[in-house]
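Data block below; observations after.
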Amino acid sequence: MKTSPPVGIDDMAFAFPQLYFPIPALAELRGLEADKLRLGLGLEKMAIPDVGEDVVTLGATAVKALIDRNQLDPRSIGRLYLGTESAVDGAKPTATFILGLLEEHYAPVYGPACFRHCDVTDLTFACIGAVDALQNTLDWAAAAPDRIGIVLAADVARYDLNSPGEYTQGAGAVALLVKQTPRLLAIEPIWGIATAGVFDFFKPLRIFSKTELRDALYSLEGKTLENKAAFHVNTQNPGVWDHPDAEVHIHRDTPVYDGQYSNRCYIDRMTEAWAHYRRQAEAVGALGEQDAITRRWKALVFHLPYAFHAKRVFPALFRAEEMLAGTGFAAAFSGTAEEQDKQTAKSVAYQAFVADKLESGQRASQQLGNLYTGSIWTALISTLETGATENRLKADDEIGFVAYGSGSKAKVFAGNLMEGWEKVAMQWHLLSGLEKREAIDAQTYEMLHRGLQLSPVAADAGGFRYVGIDTDGVSVGARRYKSLV
């Protein structure tokens, strides 16, 4: 019987800002306890985008690194699917901005239309969008041996100043090369899925009447309500007031969220997707009823809103897997489920599990913060880079994944390391590269966050930059980027 070739991830590349804000400096600025953030959540540094740097420039930089290292002809790339929740337009896919930059860069060698037959689109489902893009692209690549696709995860995780989520901010992009017979990781066909329509974290389109906005602005000016008409005439942004709509729609890239509720949704969807994965694996004989998945998988890679998130949400599932295996692990625990989770987290067995199978995935997150769609993939890079340098992993080892996106959805799946995977992983140098960034002070951080910094802070402006918005002609409002390389 003919066996289908494996499909999966052949290589990975990344891009991150060259600026970071130290967590101790943020703690001092906000009057927080630095040790609680560092020791409790695992936070060390937040990646901060520079002026002219955003999801488009980071994404283009990551894809360029992947193309150059693998000497790919852009004309051979059949698709570029982007997972993001940081879209820069409400209709035009952010992937098309990235495609345009890449085409400009590679045109001198491959021609001005070198990406013309590359299918691009955005997939948005909070932090799980790039996992959705990968699942879709695996099916596409499996259909023909010559298909080469790139899955891109790119985001800027930005929260309001002084908000409870501020210390989890981050930014970056990860590009995955997807094809048949990959050199790095073959993804298995079983996917556990759980979805629910909830509001644990979202970015609403806010709607304000012009009357409300005018009254609020006029009040800020300290003027009397009798002179509203004068304010209308003298506004410096007539486009807001002169169009015929009675309302103004405003989208902000900072979310509305409930941290505790979101954490509960993460655990619930993860548990449901895990059970769904088990049922499917048992049905095809890939897993026995008493086989502990946690023992079979040599490493687990999670979406990490903060570095220590995985080890804080996983005790109940770890306990359940040990009970299935009949180890007697949970026999000594008592009390409520929450109390048993705390007892599990403090146990020698669980701490050994964390050290062996979770800790290496935390390392990049500690230095970058949350990357939304890129978080799970930086955790994979961190896991494999550490596994290669410290001889923790070998060919045929099975790696498990727990993906999550607010709104909410979880996916549980797995992959097997290919023969020679270490040669691919040893090219990345993510962890050492993170040591070469530039720290910024509190004033610069707040200037960048508020959009008041007018020129780039880092000496290296990067290969791609955002340069502004068209203000006249037929493309008023269009965002413009340029290649500096």
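Cross-link partners of residue 436 among aspartates and glutamates, defined as those whose alpha carbon lies under 19 angstrom from its own and excluding same-chain residues fewer than eight positions apart: 44, 50, 53, 385, 460. Taking label positions 7 Å along the Cα-Cβ direction at both residue 450 and residue 140, the computed distance is 4.3 nm, reported to one decimal. For the chain, the longest principal axis of the C-alpha atoms and the axis of helix 359-368 are separated by about 10°.
Most simply put, the chain has about 75% antiparallel DSSP beta bridges, counting only bridges with both residues inside it. Using only Cα atoms, find the angle between the long axis of helix 129-142 and the longest principal axis of the chain, and express it within 0 to 90 degrees, rounded to the nearest 10. Orientation of helix 129-142: about 60 degrees from the principal axis.
State the volume of the convex hull built on the alpha-carbon positions of the chain, expressed per residue in Å³ and rounded to an integer. Don't skip to the answer; put the middle values down first.
Working: hull volume 84.7 nm³, N = 485.
It comes to 175 Å³ per residue, whole-number rounded.
Are there trypsin sites (Lys or Arg not before Pro) in the stretch 1-100 that DSSP marks as loop and that have at most 10 other Cβ atoms within 10 Å, and which are they?
In loop regions of the stretch 1-100 (DSSP not H, G, I, E or B), the sparsely surrounded trypsin sites (Lys or Arg not before Pro) are 2.
For the chain, the longest principal axis of the Cα atoms and the long axis of helix 210-220 meet at an angle of about 80 degrees.
Each part reduced to its alpha carbon centroid, the stretch 304-339 and the stretch 344-361 end up 10 Å apart. With 19 Å as the limit on Cα-Cα distance, the pairs of 394/423; 92/409; 64/179 that go past it are 92/409. Spin-label model, residue 312/residue 68: points 7 Å from Cα along the beta carbon direction are separated by 3.7 nm.
Which value, in nm² and rounded to one decimal, describes the direction-averaged projected area of the C-alpha convex hull of the stretch 246-286? The partial results should precede the final answer.
Details: hull surface 21.8 nm².
Directional mean of the projected Cα hull area for the stretch 246-286 stands at 5.5 nm².
Given a Förster distance of 45 Å, report the FRET efficiency between residue 389 and residue 336 from their Cβ-Cβ distance, rounded to the nearest 0.05. For R0 = 45 Å, the calculated efficiency reads 0.60.
Between residue 351 and residue 472, what length comes free when the chain is fully extended (0.36 nm per residue of separation minus the Cα-Cα distance, one decimal in nm)? Display every interim value, and only then the final one.
Numbers: separation 121, 0.36 × 121 = 43.56 nm, distance 6.03 nm.
Using 0.36 nm per residue and subtracting the Cα-Cα distance, I get 37.5 nm.
Computed from the coordinates by the stated procedures, all read-outs in this text should not be read as laboratory data. Just so it is clear, the structure is predicted and the values come from calculations on it, not from any experiment. Glycine gets a Cβ as well: all are built from the backbone with ideal geometry, and neighbour counts include every protein chain shown.
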